[in-house]
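What follows is a short report on a single structure.
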Amino acid sequence: MSSSQESVFPEYETDTSQTSKLLRKFKETPFVPIGMAGFAVVVGYGLYKLKHRGDMKMSLHLIHMRVAAQGFVVGAITCGVLYSMFQEYVVKPKE
């Protein structure tokens, strides 16, 4: 790309560090890191409870853990979509 051409994505090229890009993306879509953190918490709790599952089969415990983690992520994505729709259509309606 020569210096005489305009940049296609100037707002993405101004951030030089990866952490600033990551923080900007977290501000744009806050429910993605919430979903990721919730997934990690559910999996961590499920692995912790794996020792004390009693007479429950391992496969059944893992299925319950997977469903809980997926449910949290889908819930976070749904909240994110509803939040973005609220921001776009209610807060700043089209004129």
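The values are calculated or read from the model by the stated rules, or taken from the named source; none is laboratory data. This structure is a prediction, so every number in the text was calculated from the model and none was measured. With ideal geometry, Cβ positions are generated from the backbone for all residues, glycine too; neighbour counts draw on all protein chains shown. Side chains are part of the model used for accessible areas, which takes the heavy atoms of the whole protein and leaves out ligands, DNA and RNA. Shrake-Rupley method; radii C 1.70, N 1.55, O 1.52, S 1.80 Å.
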Quiz item: From the residues in segment 47-61 that are within 25 Å of P33 (Cβ to Cβ) and not basic (K, R), which one is most open to solvent (accessible area, probe 1.4 Å)?
Solution: Y48
Practice problem: Pick out the one residue from E95, E11 that is modelled with pLDDT under 85, among the acidic types (D, E) and in a helix (DSSP H, G or I). | Solution: E11
